[in-house]
Every structure is written in C-alpha cells, then in structure tokens.
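These notes concern the structure reproduced below.
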Amino acid sequence: MLEAPAWTTALQRLHRSLGLRRAVRLLVSDTAASPYSWGWHHPVILLDRHSAGNAQADAVLAHELAHIRAHDWPMLLLARVLLALYWWHPLMYPLLRMFEHDTECAADDAVLAAGATPSRYAHTLLTVSRQAFGAGTAGKPATGMANRIASRGAMLGARIAALLEAHRPRGRVTLRQWWSGMLASVALMCVIGSITLQGERVLWPDSLLPGPDRRQQDPVALLQALDNPNFTRLAGAMRARDYTLRHAAETESFRQRAAIPALLLALRAPQPVVRKLAVWAFGEMRFTETAPAVAALLADRDAAVRAEAAAALGDMGERRWLAPMIAMLGDQDAVVRRRVAHALGDLQAGAAIPMLQSRLHDPVPDVASEARWALDEMR
C-alpha cells in the first residue's frame, strides 16, 4: 500500500471528480516497471518505484482511473478471450492492437480533460515509457492482461501525436452515440451475412434449364444437342457406360459453359460411371463456379467417383477443399489414396506433408510412389 501524501491526495480528488463509486486501492511494487491498473469490483492501481518517486501523480492517476471508469479491463479480457477463440483469423491481431490503442487514447483524453497540459503530459508519458521499456529496466512492464500507461514504438508515437493535435475531438462517447454505432454495426452485419458469393453457389439445373419437364431431361441428349464433338463423344461414353470412351477430340474447345446444366444433371445420375464422367468433364473445363458441385462428390458412395472428384479439383487448382482431401489419404480404397496424393501434389498443399509422409509406407506400391512424387513437388 502506497502512503505518499501527494499520491493519496491526488487519488481522492480525482476519484471524486470522475464520479467513481468503487473504492480504488493504490499499491507500489519493486518488480513492476510502469504503472498499470486492473480489476472491476475492486480495482487496483499499481505503481513502480520509479514512477512513485518521479512521475506526475495527477497525470498517472487520471489515466488509470479513466480506464477503471470506462471498464476497460473487463473489455480487454473479453478481447483476449475472442483472440484465443479466433487465433487463426489474421484480422484479430490488428483489431486487438487497434482496440488497445483506442482505449489508451481515450484515457489520455481524460487526463487532458482533468486539467493537464498536452506538452507536460506528453513528457510524463515519454518518461514512464522510457522507464518501462528501457534497456536498463530491472522489472517487467505489465502484460497484455492489464491496462498500462506505458507504450512504445508506433503506438507511443501515435498517442503523443494525438495529444499534441489541437483540434482533435476529445469528448466521451455519449449513450446515444454508442447505441447508434451498435445498431449500425448490427445492420451492417445483417447485410453482409445475407450476401451469397456467386462463386460458392451451386445453381442446379432446375433453375438453368427451360421447360416444365426440366427435371426429366436427359443429360446425354442435352450434351449431344450442343453440336460439339467433345461433348458428343462424352455423351456416347455416358450412354455406353464406358469411361474409356471419354477422350475429347482436338477439333473444338472443351470449355463451353452451355454444357454446365447437362453435366450438373449427370452428377445426379444413379450410375457411378456417369457421375464419374461428369466430374471428369468439369475437371477438363476448369470453370471455377463448378468447383463446389465437384467438391460435393468427394463424399460420393462410389470410390471411383471420389477419386475423380479429387483429381478434378487438383486440375482446377482449387485449394478450398484441402481439409477433406487430406483426410481422404486415409480412404480404404487405394485408387482414391493414389489420386488424392497426386492432386495434393498438383496443389502444392504444404498442409498435407505429414499425411503424405505417412503414405510413403502404404502397403500399395502405387500409392507410396504417388505420395513420394507429391512430396518431391513441394520441395
């Protein structure tokens, strides 16, 4: 407990002027390197020995009491919990830094509102920060689980620049402004949440084919009607239920979007070879918008169709379904494992390296050989 009259008197005066109802304890520590605060029902302000003897009491206490009045500590804990839950999201880290910067700037504005001059408070901020992060500092500055006055680097520079900005608005956010911002944020999230990315949406033939009997249309007849030798040959392979007859002719392009509805219909065919031929065709066409339909066949009940779907996604350069494809390296069917390994090699999927290394000892030589090739492709 700190009993220095200058600090205790300043704490009592600022506690009343800021309208705080919760009692605040003022402590001093030999191991701390800068002042900081924490707590909600029983808040605490901790001073380091250097600040207790040299820093401006009014400025330091006004800053930390502003954090306590604004409930910044529980908000900081909530932000840290969200970061722990969404650690994988790259935007969480800059958002946390922005939140910490904004709360510190708000506390700095409260110091100026309490009567401190910008230049004098900026000097106090520099002194405390130099003590906290200096090379000769024996203690450690507060961790990210407390509100500290000290900063360094770009954040310190931005805070000092904000302090010296003459026309910067420094008023507290009113309740009306807070609710307006909250409602605007909710409305924006609702709008964004209702958006469907066209590239992720599968438009099945029910909405693409004309006529009242569109559900009954034959994909083979539709492909033949395109008058393209490639799709005529593919239609013949579907009719004959023979995968070996699929090879495209060299006379015309295979990339014809008019074939997409017919091929989507073929994906629903009860015969596995027809589904396999349709997936192969999508892989040859390489249209991005058809990738979700192909990916759905990764879970097909027929092993040959699953293998063809993985190969098609590899040919299309689609990396959005790496997780299920990596899991398919453990498929019971050797053909599936072999073709998935090849597709992952085509996609340069570094995340698949551990599973591919385990397949080097696959009992089927072709699978082990394909896994070795895929690993060589990633080196």
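The values are calculated or read from the model by the stated rules, or taken from the named source; none is laboratory data. These numbers come from a predicted model, not from an experiment. We place every Cβ from the backbone using ideal geometry, glycine too, and count neighbours over all the protein chains shown. These area figures cover heavy atoms from the full protein model, side chains too; ligands, DNA and RNA do not enter into them. Shrake-Rupley method; radii C 1.70, N 1.55, O 1.52, S 1.80 Å.
A compact table of results
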| read-out | value |
| --- | --- |
| Number of the exception - residue 50 against (1) closer than 20 Å to residue 152 by Cα; (2) at pLDDT 90 or above; (3) out of contact with any strand residue (DSSP E or B) (no Cβ under 9 Å at 6 or more places or on another chain) | (2) |
| So residue 96, is it open to solvent by less than 90 Å² (accessible area, probe 1.4 Å), within 16 Å of the chain's Cα centre (by Cα) and within 22 Å of residue 145 (Cα to Cα) | yes |
| Subset of the stretch 46-73 that is open to solvent by 10 Å² or more (accessible area, probe 1.4 Å) and touching a Phe, Trp or Tyr at 6+ places or on another chain (Cβ under 8 Å) - its residue that is nearest to residue 6 (Cα to Cα) | 57 |
| Qualifying residue in the stretch 26-43 (condition: at positive phi, at pLDDT 90 or above and open to solvent by less than 50 Å² (accessible area, probe 1.4 Å)) | yes |
| Spans of strands (runs of 3 or more DSSP E) in the stretch 18-110 with at least 2 residues out of contact with any Lys or Arg (no Cβ under 6 Å at 6 or more places or on another chain) and not aromatic (Phe, Trp, Tyr) | 25-29, 44-48 |
| Residue within the stretch 279-298 that is modelled with pLDDT of 95 or more, open to solvent by 20 Å² or more (accessible area, probe 1.4 Å) and farther than 17 Å from residue 223 by Cβ present | no |
| So residue 246, is it surrounded by 15 or more Cβ atoms within 10 Å (Cβ to Cβ), charged (D, E, K, R) and farther than 24 Å from residue 310 by Cβ | no |
| Selection count, the stretch 336-373, where residues are within 14 Å of residue 319 (Cβ to Cβ) and not β-branched (Val, Ile, Thr) | 10 |
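Conditions tested, residue by residue: (1) in a helix (DSSP H, G or I); (2) modelled with pLDDT under 80; (3) closer than 20 Å to residue 32 by Cβ; (4) open to solvent by less than 50 Å² (accessible area, probe 1.4 Å).
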| site | (1), (2), (3), (4) |
| --- | --- |
| 124 | yes, no, yes, yes |
| 131 | yes, no, yes, no |
| 145 | no, yes, yes, no |
| 150 | no, no, yes, yes |
| 173 | no, yes, no, no |
| 177 | yes, no, no, no |
| 189 | yes, no, no, no |
| 203 | no, yes, no, no |
| 209 | no, yes, no, yes |
